[in-house]
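Participant: Starting off with a structure, shown below.
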């Protein structure tokens, strides 16, 4: 052992001697200096190169993000939490209708409302270092730098959840290094302001997840959970959570549903992706081996939810109508928020369209709750009646141009329908019927179709305004005769719908029977006072300048027409004591935070005095009781104080019935979209329309009887009295009117009670010339005059004008009017004696020719110079005489007598007979 140690010690000594040898030491020093200097040089180069590269990289990065503003916490918060979420729609009383039509369905959800399996699955799949990084993963950044320096294709993979959130909510999907640089900068800033839970919650709400079972695009885990599995995000099982978490990588590749809402034939990509997610969850320690195995073999396809009815499918007209009205409301709300008024919007089209576009965007993006006035049960019941009604009438052929080929083709058009039910005191639109079949005709006939409103115009434009202006009362007599209000027209205008006339009628009766002539005559008397201004106050928006002056407007012939909503709404004015309350459908709009940003306010507009409104209502009661809508009473399932008006379009192209009671107003229209006659065999057009009206309102009554059939009646306001008047003139009764039995009574505004005594009837003499009657003069011989009640020609002229000559039309064909005689015109003495006549005899019968003068009222027959009889000119010109010599004279209205005729003898003539001079 000592020997071996000795040998080892000698070797060490020799080595030490080598390093201590002078030559060796010198060589070592030279080598050390060279190596050290070389190391220092390399280190310097590396440091300088690194600094240069870092400076260049930092400068390049700065140049890329120089235009990106430094966003504040509030700015980032607004952008990150600005989820695109379509609005929810509600019937009245918070009954859910569905989602507004949108390209994207989203339901916002809080993080604590999402299952833990789903959040774990998202993190394990999309960002395994989510809770460790500060918004970016360095290796991903270096990879992006390398790709840019080497000019290789830029890839977006490897982004953190924070970066994906930035990309979805703030930036675009542009593939460029500049966007990537902005994304990195903003991700770092976002992580500075927000904690991980806030970022994760935002990500779970903005990511897209393909389609739901109805074929709609969905975003956010809540919409995905509901749309794919029919449950909330908090209720998802492990396999369901894994399936949803795998979708964002390729939403439309992995989604199980087609655009049509059916299950795809090939589900393998989505199922494979689910297994990949489960594997990553297992690798990340989120689930154990048993959970992984069970979930991987689970048949997820049995959990897919069936399609959920889209509100646009069940309620297409309603959904579109709500959307349109909500946009209108939001347009005004947004403009007012910026300091603009409704007047500003009305006067500046550019301003209006700017805010309308913003409103449209917000409605589909900001997740509002749109609450409406529509009663779901009544609305549904009316659609059932509409669909099952059997008496619309036949489809009729219509030539139309094919939009694709431009060729004329024949299509069959059905009778369309529109109806609307409005609550009077609030203006709430309770329900409506928009048409027969949305798939065939998308036009909403209740709210958007303009049609002439025919005779339903009469209370609105003629009788209501005339009463308001003090020009008429319910008992005001009006002429229903063949008048012509169009100069130069060969035939009278207007015609009544039955082409008949009934003489003098009261305004009440004329309205009940829907006579056109009396309405136009009354309108002509007030048209200079522009009664169409009352229509404007009652919400009629479609008036054009000619509508203010054309007499045809009185019977509903307008330049453009009105909508059923406007027409029905206008009638509610009478039920509201003369105040117009605009109908509305959007009750309130609530934003995502629960704040009410719009609440409808009722703003009554004064139109008529309460007395005028009630008197018009009372007249319209007769339409329902005994007039053109009397047939509905036997078909109604209930009783109410109804007042209304029917309407028939020109050539029978439109049929209307609008009626109101103390609670509601209901209007129904039927007609062809391309105007054609509604006449057909069987039930008349009006019966068909009125029957539909009753069936629809009966269906509403079955749902809410207290609303549809109020027990109270319309209350008569103060200032209305009942007075007697003469049915001929509407004036205070005269003794002549009393003798004729034509005194009636009706209601008047106390300020418009007649004060003058009737002058329409004259008690006195009249004469008959030919088949016409004339008032006798003071000098008219009594023997030729008849006594009775005669219409005063001055009154006739006031009522129908000078040009009207057929005075007999004025007398109604009723027994109590039989005592009234109608003079044809005033007869004026021609100032000379009448010409004589020629006399002849046959046996004992004397005959003579009529006098050529037109003012002759009768003839005197003389025998031997003594007058034996007087014959009225309207009688036969003959006389049976006894024996003797006879002659005849003519007598005019002034009492002048002609020279004697020739003398004729009948039988033996006494010798003493003499013929004296007349």
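Participant: How big is the range 808-849 along each principal axis, measuring the range of its Cα positions in Å and listing the largest first?
Facilitator: Per principal axis, max minus min of the Cα coordinates gives 44, 34, 14 Å.
Participant: Could you tell me how many degrees, from 0 to 90 and to the nearest 10, lie between the Cα long axis of helix 177-193 and the main elongation axis, the longest principal axis, of the Cα atoms of the chain?
Facilitator: 90 degrees
Participant: How many nm separate the modelled label positions at residue 353 and residue 605, each set 7 Å beyond the Cα in the direction of the Cβ?
Facilitator: Going by the 7 Å Cα→Cβ label model, 2.7 nm.
Participant: Would you list 432, 666, 485, 766 from fewest to most Cβ contacts within 10 Å?
Facilitator: Going from least to most buried by this count: 485, 766, 666, 432.
Participant: What is the spread of the Cα atoms of the range 772-918 along each of their three principal axes, largest first, in whole Å?
Facilitator: 61, 35, 21
Participant: Enter the per residue convex hull volume of the range 627-697, computed from alpha-carbon coordinates, in Å³ rounded to the nearest integer.
Facilitator: For the range 627-697, the hull spanned by Cα atoms encloses 91 Å³ per residue.
Participant: Measuring from the lowest to the highest alpha carbon on each principal axis, how far does the range 370-509 reach, largest first, in angstroms?
Facilitator: 52, 47, 27
Participant: Helix-derived [θ] at 222 nm for the chain: sum -39500 (n - 2.57) over DSSP H runs of at least 4, divide by residue count, nearest 500? Display every interim value, and only then the final one.
Facilitator: Working: 28 runs with 326 residues, N = 918.
Value at 222 nm, helices only, nearest 500: -11000 deg cm²/dmol.
Participant: Taking 60 Å as R0, compute the FRET efficiency from the Cβ-Cβ separation of residue 842 and residue 797 and round it to 0.05.
Facilitator: Numbers: r = 46 Å, r/R0 = 0.76.
Taking R0 as 60 Å, the efficiency between residue 842 and residue 797 is 0.85.
Participant: Using the scaling law 2.2 N^0.38 Å as the reference, what is the normalised Cα Rg of the range 413-708? Could the numbers behind the result be given before it?
Facilitator: On the way: Rg = 18.7 Å, N = 296, 2.2 N^0.38 = 19.1 Å.
Rounded to two decimals, the normalised Rg is 0.98.
Participant: Follow-up question, since we're still on this one. Taking the chain as the reference, fit the longest principal axis to its C-alpha atoms, fit the long axis of helix 116-126 to the helix C-alpha atoms, and give the angle between the two in degrees, 0 to 90, nearest 10.
Facilitator: 70 degrees
Participant: Can you quote the Å³ per residue value for the convex hull of the Cα atoms in the range 279-392, rounded to an integer?
Facilitator: It comes to 239 Å³ per residue, whole-number rounded.
Participant: Here's a follow-up. Under the Kirkwood approximation for Rh and a Cα-based Rg, what ratio Rg/Rh is obtained for the range 528-635?
Facilitator: 1.08
Participant: In whole Å, what three semi-axes, largest first, describe the equivalent ellipsoid of the range 839-906 built from its Cα gyration tensor (square root of 5 times each eigenvalue)?
Facilitator: They are 20, 12, 10 Å, listed from largest to smallest.
Participant: Whole number please: convex hull volume per residue of the Cα set in the chain, in Å³?
Facilitator: It comes to 268 Å³ per residue, whole-number rounded.
Participant: On to the next question. Hey, what did the chain get for relative contact order, percent, Cα under 8 Å, at least 6 apart?
Facilitator: 8 percent
Participant: Using the Kirkwood radius over Cα pairs, work out the Stokes-Einstein diffusion coefficient for the range 448-520 at 25 °C and 0.890 mPa s, in µm²/s as a whole number.
Facilitator: 188 µm²/s
Participant: Also: For the range 506-546, report the % of Cα-Cα distances exceeding 17 Å.
Facilitator: When every Cα pair of the range 506-546 is considered, 46 percent fall beyond 17 Å.
Participant: What does the range 604-745 give for Rg and for Dmax, in Å, if only its C-alpha atoms count?
Facilitator: 18.7, 56
Participant: As an exercise, find the ratio Rg/Rh for the range 731-821 from alpha-carbon atoms, using the Kirkwood inverse-distance average for Rh. Present the calculation step by step, with values, prior to reporting the outcome.
Facilitator: Working: Rg = 14.7 Å, Rh = 14.7 Å.
Answer for the range 731-821: 1.00.
Participant: A further question on this structure: Can you tell me, using C-alpha contacts under 8 Å and at least 6 residues apart, the relative contact order of the range 731-821 as a whole percent?
Facilitator: 30 percent.
Participant: Distance in nm between label sites at residue 413 and residue 391, each 7 Å beyond Cα in the beta-carbon direction?
Facilitator: My value for the distance between the label points is 2.4 nm.
Where a number appears in this text, it was derived from the coordinates with a stated rule and is not lab data. Keep in mind the model is a prediction, meaning the values are calculated, not measured. Cβ atoms come from the backbone with ideal geometry, glycine included; neighbour counts cover every protein chain shown.
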